[in-house]
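Computed from the coordinates by the stated procedures, all read-outs in this text should not be read as laboratory data. Just so you know, these numbers come straight off a predicted model, no measurement behind them. A quick note on method: Cβ atoms are made from the backbone with ideal geometry, for glycine too, and the neighbour counts reach across all protein chains shown.
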Amino acid sequence: MNTDDLIAIDTHTHLEVSCRNPFDAYGEEYDRAADKYFRSSRRPTMQETIDFYREKKIGFVNFTVDAESQMGRQRISNEEIADAAMANPDIMIAFGSIDPHKGKMGGREARRLVESHGVKGFKFHPTVQGFEPADKMAWPIYEVINEHKLPAIFHSGHSGIGSGMRCGGGLRLQNSNPMLLEDVAIAFPDMQIVIAHPSWPWQDEALSLAMHKPNIWIDLSGWSPKYFPQQLVQYANTLLRDRILFGSDYPLITPDRWMKDFTEAGFKPEVQPLILKENAKRLLRLA
């Protein structure tokens, strides 16, 4: 990836449609509730996503969420994303996702993805995957990530998945309190932990954790910047300016909309290039 050719690097995008798996209708009620919550039903294919980002001259990190144990729904394979990234290295970086309930088998898969498929990091969603981040069952996966000094993105805060469903679809928001990452950050100091999203209702907890632990980063995905909490903008402009990342949450939010609102959200001109590209270059070891 020649980052000089890119205007930004989007560190948080999802693949939600497989071109390899047969369609799995199980759990469709979660998708319909999410469509209503996000006011969007876009589900682009991998190739549509690649074409979109190449046209925009924005590099992107892409992943799915493996939540087979809790959701009972067949995952999109990590290999589908990894193969696309290997075929399009000018614009795309693959992250893997492994259900933490897979334990040691998950650790074996993580090693294979990194060493044989070029995966550059991993994505976790404690609410959807149904685990607390410090649960020892996830540690075989973390050990591989830590060994290779790779980033791991953790969903934090409120989740649109399950919102409005009876009992929230049985999904627990409490699993995505960023403070639950503290033990992980201590045990795996070479794993770069990215707290995804403004962490409402725990924004101050996320900022405190990032201030205290140098292997903690924050991405700004999932919200339009015009709705960011004031303290998040304040710390992004000052003490955490080197560990704040642009992420859109595509396809739920497009980078076009995010970047337009970003320019009007109070971020200092000298900080904007750090957030849009320079910090991601360091995190992803592209510099």
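Among the trypsin sites (Lys or Arg not before Pro) in segment 27-132, which ones are in a DSSP loop with at most 11 other Cβ atoms within 10 Å of the Cβ? Mind listing them? Mind showing how you got there, number by number?
Details: sites: Arg32, Lys36, Arg39, Arg42, Arg54, Lys56, Lys57, Arg73, Arg75, Lys102, Lys104, Arg108, Arg111, Arg112, Lys120, Lys123; in loops: Arg39, Arg42, Lys57, Arg73, Arg75, Lys120.
For trypsin sites (Lys or Arg not before Pro) across segment 27-132 that sit outside H, G, I, E and B with at most 11 neighbouring Cβ atoms in 10 Å, the list reads Arg39, Lys57.
Subtracting the Cα-Cα distance from 0.36 nm times the residue separation, let me have the gained length for Met86 to Arg108 in nm, one decimal. Intermediate results must be reported in sequence, preceding the final value.
Working: separation 22, 0.36 × 22 = 7.92 nm, distance 2.09 nm.
That pair, Met86 and Arg108, stretches by 5.8 nm at full extension.
How high is the FRET efficiency from Met211 to Arg39, r the C-beta distance, R0 30 Å, rounded to 0.05?
Values: r = 34 Å, r/R0 = 1.13.
Calculated value: 0.30.
For the chain, what D do you get in µm² per second when you plug the Kirkwood radius from alpha-carbon pairs into Stokes-Einstein at 37 °C and 0.692 mPa s? Could you put the intermediate results ahead of the total?
Numbers: Rh = 18.7 Å.
It diffuses with D of about 175 µm²/s by this estimate.
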### Whole-angstrom Cα spans of segment 2-83 along principal axes, big to small
42, 29, 19
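Can you tell me how much longer the chain between Lys226 and Trp200 gets when fully stretched, taken as 0.36 nm per residue apart minus their C-alpha distance, in nm with one decimal? Mind showing how you got there, number by number?
Numbers: separation 26, 0.36 × 26 = 9.36 nm, distance 1.46 nm.
Value of the extension gain: 7.9 nm.
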### Per-bin percent of Cα-Cα distances, segment 98-239 [10 Å]
12, 42, 33, 13, 0
### Message
Among Ala265, Phe188, Asn78, whose Cα projects farthest towards the positive end of the dipole of segment 3-283, with charges put on the beta-carbon of Lys, Arg (+1) and Asp, Glu (-1)?
### Response
Ala265
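Note down the relative contact order for segment 3-283 as a percent, whole number, built from C-alpha pairs under 8 angstrom at least six residues apart. All intermediate terms of the calculation are to be shown ahead of the outcome.
Numbers: 554 pairs, mean separation 52.0, N = 281.
Relative contact order for segment 3-283 comes out at 18 percent.
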### Task
Could you point to the residue in Leu239, Ser159, Val61 farthest towards the positive end of the chain's charge dipole, with +1 and -1 charges on the Cβ of Lys/Arg and Asp/Glu respectively?
Leu239
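Please give the net charge around Gly160, taking every other residue with its beta carbon less than 15 angstrom from that of Gly160, where Lys and Arg add +1 and Asp and Glu add -1. Write out the running numbers ahead of the final one.
Details: positive: Arg32, Lys36, Arg39, Arg42, Arg43, Arg172; negative: Glu16, Glu29, Asp31, Asp35, Asp249.
That works out to +1.
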### Summary
Exposure proxy check on Thr3, Thr263: fewest-to-most Cβ neighbours within 10 Å is Thr263, Thr3
### Query
Gain in length, Thr3 to Thr238, computed as 0.36 nm per residue apart minus the alpha-carbon separation, to one decimal in nm?
82.1 nm
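Which pairs, out of Lys57/Lys260; Lys213/Lys260; Lys56/Lys281, put more than 21 Å between their alpha-carbon atoms?
Numbers: Lys57/Lys260 15 Å; Lys213/Lys260 31 Å; Lys56/Lys281 18 Å.
Going by Cα-Cα distance, Lys213/Lys260 fall outside the 21 Å limit.
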### Query
If you wrap a convex hull around the C-alpha atoms of segment 228-287 and split its volume per residue, what is the figure in Å³?
85 Å³
### Query
Assuming a viscosity of 0.692 mPa s and a temperature of 37 °C, what translational diffusion coefficient in µm² per second does Stokes-Einstein assign to segment 166-287, Rh being the Kirkwood radius over Cα pairs?
219 µm²/s
### Summary
Note to self: Kirkwood Rh of segment 52-96, Cα pairs, one decimal, Å, is 11.5 Å
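So if a site counts as exposed when it's one of the GluC sites (Glu not before Pro), its DSSP state isn't H, G, I, E or B, and it has at most 15 other Cβ atoms within 10 Å, what's the longest stretch of the chain without one?
On the way: sites that count: Glu264, Glu270.
Longest stretch, sites excluded: 1-263.
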### Message
Restricting to DSSP H runs of at least four residues, report the calculated mean residue ellipticity at 222 nm for the chain, -39500 (n - 2.57) per run over all residues, nearest 500 deg cm²/dmol.
### Response
-9500 deg cm²/dmol
### Message
Under a Cβ-only charge scheme (Lys and Arg +1, Asp and Glu -1), can you give me the dipole magnitude of segment 135-206 about the Cα centre, in debye to the nearest 20?
### Response
360 debye
### Task
Answer with one residue from Gly168, Ser41, Val119: the one whose Cα lies farthest towards the positive end of the charge dipole of the chain, charges on Cβ with Lys, Arg +1 and Asp, Glu -1.
Gly168
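If R₀ is 22 angstrom, what is the calculated FRET efficiency for the pair Arg20 and Arg257, using the beta carbon separation as r and rounding to 0.05? Please report the intermediate quantities before stating the final value.
Values: r = 30 Å, r/R0 = 1.35.
Once the sixth-power term is evaluated, E becomes 0.15.
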